Amino acid sequence: MKYSNEPEAEAKAEQQLKPTSNISPTFCVAMLKNGSTVKIEGNAEEFLPTIKEADFTWVNVQVGSMKEDGGKVASMLGFTPSIVHELVAQRFSGYDDQTTELGLLLPAVHVTELEVEINKLIILMKSNLIVTIHTERITRLIKFARYAVTSFKKIPKNLDDIDKISLVLIRILDENNERNFDGIRAIQEQGEEISKYLIETTGFRKELGSDIYKMKHALISYLEALWASLDVVHYLRYGDAELITDDTIILQKVGMLSTDLTRQISISEQMSSVLASGLEVLQSIYNNQLTQLNNRFSLLAVWMALVGTAFLVPNTIATVFGTPIADHLGWRTQLWIIIISTSASVFFVYWLMKRRGLFPKIDQ
């Protein structure tokens, strides 16, 4: 799992996640007090006049480094810089309610094959303003910006400011969750590629073991991100914060986000169970192969014992016949003694091993 907010790491992967549209990564979408909706692209400081004239506003800002630039952007837009610093210090998720300001930290998951990358998405809220701050590794909100103006127009004008900004927050959370859910599909596709090798009893063992470990690690990392998102949603679902609506109908939408996250967690855990079953099957295959190999070695040892007996007995008898003891015996007698002794010895060893079950069964 990669987890970095350093500019060098971001620049290295820029080409992989570069947005396909011409939408600027820093923009402002606002519902003006006269009822019209505008969308502006540019620098964050250019949005200040529009924010003052707006009924409610969403500002999305892309920064080079969350740690270094996040606080500056927050201060420029009227937030306390420390709220960003405290959120960035968290691992996957964070929730900071300062009554007049609310800060959220959410994981943004990107899966490439079996590499799970978790980036940080910060959401700041106050009165009629919501701000999202992220690095260039996150492009999902840029894509959502295409439909932001239409989404703002659907928000009823007779709602309170807190209700309006809460609806915008829910829409952003839903977009982030949906893009996170794409990760499980990517992991599942890789799992299908890996599963076909489970039927192979030869070859690919080294690669298969490594791939199964990577898939297990990817699932664990992905589940951590989903649990982190669920924690943040749980903080919001009762509307306890002053900046979150207490309207039951709107809060039901937050409950739906929680339900979706729970369902995705359940799917991920089920995949983990399937993976564990696959590991058990693989272990059984390897154990069976090891047993067959041991049986073949045991059978070889038994036959070597019989062959050894067949050579040792006549050799020993011939050595004895080479002494004066056998001077009175003819060569035919000596030959029959060797043949009968060797046959009897080999038969006796075979019978003894068979009786004690030393002949292993070889499965074809």
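Quick notes
- Each label was represented as a point 7 Å from its Cα along the Cα-to-Cβ direction; for E242 and F297 these points are 7.5 nm apart.
- Pairs spanning more than 28 Å between alpha-carbon atoms, out of K72/K216; K33/K126; K72/K126; K72/K120; K120/K157; K72/K143: K72/K216; K120/K157.
- Among R140, R146, the order by Cβ neighbours within 10 angstrom, fewest to most, reads R146, R140.
- Footprinting exposure proxy ranking of E41, E53, fewest other C-beta atoms within 10 angstrom first, gives E53, E41.
- Distance histogram in 10 Å bins (all Cα pairs of the range 296-355, percent per bin): 22, 43, 23, 11, 1
- Geometric descriptor of the range 86-125, per residue, is 46 Å³ (volume of the convex hull of the Cα atoms).
- In this structure, the amide hydrogen of L121, modeled 1.01 Å from its nitrogen in the peptide plane, lies closer than 5 angstrom to those of L106, A108, counting only residues at least 5 positions away or on a different chain.
- Backbone phi angles across the range 210-226, fed through the Karplus curve with coefficients 6.51, -1.76 and 1.60 (θ = phi - 60°), yield HN-Hα couplings of 5, 5, 5, 4, 5, 5, 4, 5, 5, 5, 5, 5, 5, 5, 4, 5, 5 Hz in residue order; Gly and Pro are listed as x.
- Backbone N under 17 Å from the L159 label point (7 Å along Cα→Cβ), restricted to the range 55-69: 55-59
- Among the GluC sites (Glu not before Pro) within the range 91-146, those in coil by DSSP and having at most 15 neighbouring Cβ atoms inside 10 Å are E113.
- Karplus 3J(HN,Hα) series, Hz, for the range 139-149 with 6.51 cos²θ - 1.76 cosθ + 1.60 (x for Gly, Pro): 10, 5, 6, 5, 5, 5, 4, 4, 10, 5, 4
- In a fully extended conformation the segment linking A305 and R355 would gain 16.5 nm over its present Cα-Cα distance, using 0.36 nm per residue.
Bear in mind that the values in this text are calculations on the coordinates, not laboratory data. Since we're looking at a predicted model, the values are computed, not measured. In this analysis, Cβ positions are derived from the backbone assuming ideal geometry, glycine residues included, and neighbour counts consider all displayed protein chains.
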